[in-house]
Amino acid sequence: METNISIYSDVVCPWCYIGKKRLEKAIESWEGNHPGDKIIVEWKPFQLNPDLPEQGEDREAHMVKKFGSLDRVKMMTQRVSDIAKEDGLEFHNILQGHQPNTFLLHALIRKARNYGKEAELAEVFFQKFFSEGKNLSDDSIIQESLTQVGVPISELEEVRKDPSLLTQIETEENEGKMLGVTGVPFYIFNEKYAVSGAQPVDLFLQVFEKLESEVGA
């Protein structure tokens, strides 16, 4: 069985990072029991904050503006940090630091597909943002991320100067919205079944079982 999964995600979305880990656990479990199966994952762009300035803004100010009082935001970030820890992720001071505009990051993840590194680069961006508190609007941090996964740092400027790629990212994000993607993470399996949210590992396994049951049916 071959399964294609499209993941609509944003690297500043904590639930997307949690969902990534849960899906990876499900894939590892499934492939361990079905060694002949092939699961292909493609990352699709979705910006939680498309109206942010290109250089981003202060994260605490951004969160308070978006969700209300600082006390409410603190409760939200503490809750998601606690859940992330249960999934083996360490979030550090995710209310502090810088909130980036992620459009360029999505374009770089797509470019990394040419190197077979899109999932790895997404992982590094998640890690830099949530675990290391790094500023993903900073070129030096982006270049560090590219180097970490083995993508040439020259791709940063190449992507910036590539209007066809940037238009493709815009188009794919709009296509996702037309499909009904209003929040992330959002997963589409074989262009047939959709799963919304950072669901438990078992739910992803149930989708694989459903797809398997339909093969040759």
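The values are calculated or read from the model by the stated rules, or taken from the named source; none is laboratory data. Just so you know, these numbers come straight off a predicted model, no measurement behind them. Quick reminder, even Gly has a Cβ in these numbers, built from the backbone with ideal geometry, and neighbours come from all protein chains shown. For the accessible areas, the whole protein counts, side chains as well, though only heavy atoms, and no ligand, DNA or RNA atoms are used. Shrake-Rupley method; radii C 1.70, N 1.55, O 1.52, S 1.80 Å.
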Per the filter on segment 193-211, residues open to solvent by less than 80 Å² (accessible area, probe 1.4 Å) and of a type outside the set (A, V, I, L, M) are TYR193, SER196, GLY197, GLN199, PRO200, PHE204, PHE208
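Do you know which of the residues in segment 110-120 that are closer than 15 Å to SER9 by Cα and of a type outside the set (Asp, Glu) is surrounded by the most Cβ atoms within 10 Å (Cβ to Cβ)? Full working, then the answer.
Of the residues in segment 110-120, the ones closer than 15 Å to SER9 by Cα are 110, 118-120.
The next check asks that each one be of a type outside the set (Asp, Glu); those that pass are 110, 119.
Values: ARG110: 21, ALA119: 18.
Per the stated criteria, the residue is ARG110.
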A careful count of residues in segment 121-140 that are touching a residue at least 12 places away in the same chain (Cβ under 8 Å), part of a helix (DSSP H, G or I) and buried (at least 17 other Cβ atoms within 10 Å of the Cβ) gives 9
Within segment 78-110, of all residues that are aliphatic (A, V, I, L, M) and within 14 Å of GLN127 (Cβ to Cβ), the one farthest from the chain's Cα centre (by Cα) is ILE94
If we ask which residues in segment 163-192 are out of contact with any strand residue (DSSP E or B) (no Cβ under 6 Å at 6 or more places or on another chain), more than 16 Å from PRO45 (Cβ to Cβ) and surrounded by 13 or more Cβ atoms within 10 Å (Cβ to Cβ), their number turns out to be 0
Practice task
Take GLY19 and decide whether it is open to solvent by less than 10 Å² (accessible area, probe 1.4 Å), within 24 Å of ARG113 (Cα to Cα) and not in a strand (DSSP E or B).
Solution key: yes
Scanning segment 177-217 for residues that are without any contact (Cβ under 8 Å) to a residue 60 or more places away in the chain and under 15 Å from TRP15 (Cα atoms) gives THR182, GLY183, VAL195, SER196
Does GLY88 satisfy being free of Cβ contacts under 8 Å to residues at least 12 places away in the same chain, on the phi > 0 side of the Ramachandran plot and open to solvent by 50 Å² or more (accessible area, probe 1.4 Å)?
no
Every listed condition ((1) open to solvent by 20 Å² or more (accessible area, probe 1.4 Å); (2) part of a helix (DSSP H, G or I)) holds for ALA107 save (1)
Might you let me know whether segment 27-50 holds any residue that is hydrophobic (A, V, I, L, M, F, W, C), within 30 Å of VAL215 (Cβ to Cβ) and part of a helix (DSSP H, G or I)? yes
